[in-house]
Amino acid sequence: MHTVKLDGQKIPIGKIVCIGRNYAEHIKELGNQMPDKPVIFIKPASSLVSSGGTVVIPGYSEDCHHEIELAVLIGKTAKDVTAEAALGYVSGYAVALDLTLRDVQGVQKEKGLPWEIAKAFDTACPLSAFVPADRVGDPQKLQIRLTVNHDVRQDGNTGDMMRSVAELIAAASAYFTLEAGDILLTGTPSGVGRIVSGDQLLAEIEQVGTLSVSVA
């Protein structure tokens, strides 16, 4: 059983629900089409690695990209919730990285196949400890920043999301039940790029915390 920390307590983790293409500038930098609905995929809990840990890029990829994201911890069962009520189901926030094997993803997309082997490998989801939701003001007004070897790669604001945290929870809960211990990743701002062995990553989100990992 995989767990995360929330205010010092260990919380068992279920599924990790991820949102793609939720920042307009990121969509443009990859040349993707603007989605008319949230793009949803899932990572397993086995993809988690804690702050201070090590990312291991699979041998079947030569182009692993970083994507910093605001992570949301679901605190109680949510099914078909409204956006107006959605934040009431959030128990905490954390800093996450949605690591992506861009070369593998590209091949899968060309063939019309699922992305999991590009998104769900072991250590594909570095994650900080969670802070209680009531310690974070407005989740749509947070600076979000990633450096690689002290060089700024991503620098944005959660206010640039195309769909808010509340809207994403509502949308995801319409497709399947969100349960206590599930995690929602909310998309990444522009500036994604390749990481290689030896790199040191530091991800920071205002009011939420920091996440640091190295690349093996």
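Restricting to the range 199-209, and then to whatever is under 14 Å from the mean Cα position of the chain (by Cα) and in a strand (DSSP E or B), can you tell me which residue is surrounded by the most Cβ atoms within 10 Å (Cβ to Cβ)?
The qualifying residue surrounded by the most Cβ atoms within 10 Å (Cβ to Cβ) is Ala203.
Between Val72, Val81, Val17, which is farther than 25 Å from Asp199 by Cβ, assigned to a loop (DSSP other than H, G, I, E, B) and touching a residue at least 24 places away in the same chain (Cβ under 8 Å)?
The match here is Val81.
Asp151 passes all but one of (1) surrounded by fewer than 21 Cβ atoms within 10 Å (Cβ to Cβ); (2) touching a residue at least 60 places away in the same chain (Cβ under 8 Å); which number fails?
Going through (1) surrounded by fewer than 21 Cβ atoms within 10 Å (Cβ to Cβ); (2) touching a residue at least 60 places away in the same chain (Cβ under 8 Å) one by one, Asp151 breaks only (2).
For the range 121-138, name all the residues that are in contact with a helix residue (DSSP H, G or I) (Cβ under 8 Å, 6 or more places away or on another chain), part of a loop (DSSP other than H, G, I, E, B), surrounded by 20 or more Cβ atoms within 10 Å (Cβ to Cβ) and not β-branched (Val, Ile, Thr).
Phe121, Ala124 - these are the residues of the range 121-138 that are in contact with a helix residue (DSSP H, G or I) (Cβ under 8 Å, 6 or more places away or on another chain), part of a loop (DSSP other than H, G, I, E, B), surrounded by 20 or more Cβ atoms within 10 Å (Cβ to Cβ) and not β-branched (Val, Ile, Thr).
Mind checking which pairs have a first residue in the range 199-213 that is over 13 Å from Cys125 (Cα atoms) and a second that is β-branched (Val, Ile, Thr) and outside any strand (DSSP E or B), Cβ under 7 Å, 6 or more apart or different chains?
Every condition considered, the pairs that remain are Gln207/Val136; Val208/Val136.
Per-residue answers, yes or no, for (1) modelled with pLDDT of 95 or more; (2) hydroxyl-bearing (Ser, Thr, Tyr); (3) surrounded by fewer than 18 Cβ atoms within 10 Å (Cβ to Cβ); (4) assigned to a helix (DSSP H, G or I):
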site	(1), (2), (3), (4)
Gln140	yes, no, yes, no
Ile169	yes, no, no, yes
Gly181	yes, no, no, no
Ser197	yes, yes, yes, no
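Look at the range 35-66 and say how many of its residues are surrounded by 21 or more Cβ atoms within 10 Å (Cβ to Cβ) and touching a His at 6+ places or on another chain (Cβ under 8 Å).
So the count comes out to 1.
The values are calculated or read from the model by the stated rules, or taken from the named source; none is laboratory data. Because the structure is predicted, anything quoted here is derived from the model rather than measured. All Cβ positions, even for glycine, are placed from backbone atoms using ideal geometry, and neighbour counts span all protein chains on display.
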